[in-house]
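What follows is a single structure, written as structure tokens, with notes after it.
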Amino acid sequence: MTMRLTPAVLFVAVFALGSVAYAHHGSASYRTEPTTLKGVTVTRVNWGNPHTLLFFDYKDAKGDVQHWVAEANAASTLSTTGWTKTAIKYGDIVTVVFYAAKNGQTVGRVGKVVLPDGREFGDGSLIGDRPSVCDEEFTTGGNEAAACRPGGRITNNDQQR
């Protein structure tokens with residue numbers, strides 16, 4: 001059985017994939033002041049790229065449970081800081097320092113997770129878009145380097161051998 005892609009199916013597929021790429025954002029939708037919630041219960045960790053997602057429940061002062069999801073950096077980045085796929089697990093009781101959404105929804109951006117044994121993942125800062133660091137010592141990579149150069153990012157790929 002062969003499947004033919006009609007123009008309508010192709011149109012929907014292109015816009016569906018394009019909206020995912022367009023939806024990727026920096027930190028503009030989050031508050032600039034961190035929120036710290038202690039004693040939250042981890043309900044799920046989606047380890048992956050482009051973001052790792054931390055799902056957790058928080059019981060407020062009234063006893064109502066709030067279901068939160070906070071995005072962290074990509075797994076490939078987190079793993080270089082000691083946060084591994086199995087470091088935070090379902091049922092763990094942790095402290096989360098995060099930047100809540102400005103619109104009041106129970107979503108945010110992870111700044112730091114503190115385990116009961118004191119291990120910390122993250123430095124508490126708001127990850128994502130940040131001002132470029134422009135100085136006279138440009139390197140060959142990184143977003144800051146690209147933003148600082150009028151000609152764009154310089155790589156080693158074009159060097160002659």
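The values are calculated or read from the model by the stated rules, or taken from the named source; none is laboratory data. All values derive from a computational prediction rather than experimental measurement. We place every Cβ from the backbone using ideal geometry, glycine too, and count neighbours over all the protein chains shown. Calculation scope for accessible area: heavy atoms of the full protein, side chains included, ligands and nucleic acids excluded. Shrake-Rupley method; radii C 1.70, N 1.55, O 1.52, S 1.80 Å.
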Problem - Which numbered condition Pro50 fails, given (1) of a type outside the set (Lys, Arg); (2) surrounded by fewer than 19 Cβ atoms within 10 Å (Cβ to Cβ); (3) touching a Phe, Trp or Tyr at 6+ places or on another chain (Cβ under 9 Å) - result: (3)
Handout entry: Test: Thr41 is open to solvent by 40 Å² or more (accessible area, probe 1.4 Å), modelled with pLDDT of 95 or more and of a type in the set (Val, Ile, Thr)
Key = yes
Practice task
Starting from residues that are of a type in the set (A, V, I, L, M, F, W, C) and out of contact with any Ser or Thr (no Cβ under 7 Å at 6 or more places or on another chain), keep the ones in the range 53-68 and report whichever is surrounded by the most Cβ atoms within 10 Å (Cβ to Cβ).
Solution key: Leu54
Completion exercise
Sole miss for Phe55 among (1) within 16 Å of Leu126 (Cα to Cα); (2) modelled with pLDDT of 95 or more; (3) not polar (S, T, N, Q) is condition (1)
Exercise for the section: Would you check if there is a residue in the range 83-96 being modelled with pLDDT under 50, within 21 Å of the chain's Cα centre (by Cα) and not in a helix (DSSP H, G or I)? Expected result: no
Handout entry: Index of the failed condition, Ala75 passing every other in (1) at pLDDT 95 or above; (2) under 20 Å from Gly48 (Cα atoms); (3) under 18 Å from the mean Cα position of the chain (by Cα)
Key = (1)
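Those residues that are in a loop (DSSP other than H, G, I, E, B) and either buried (at least 18 other Cβ atoms within 10 Å of the Cβ) or hydrophobic (A, V, I, L, M, F, W, C) (or both), I need them from the range 97-129; list them, please. Step through it out loud before you land on a result.
Let us first name the residues in the range 97-129 that are in a loop (DSSP other than H, G, I, E, B), namely 102-106, 115-119, 122-129.
Result: Leu115, Gly122, Leu126, Ile127.
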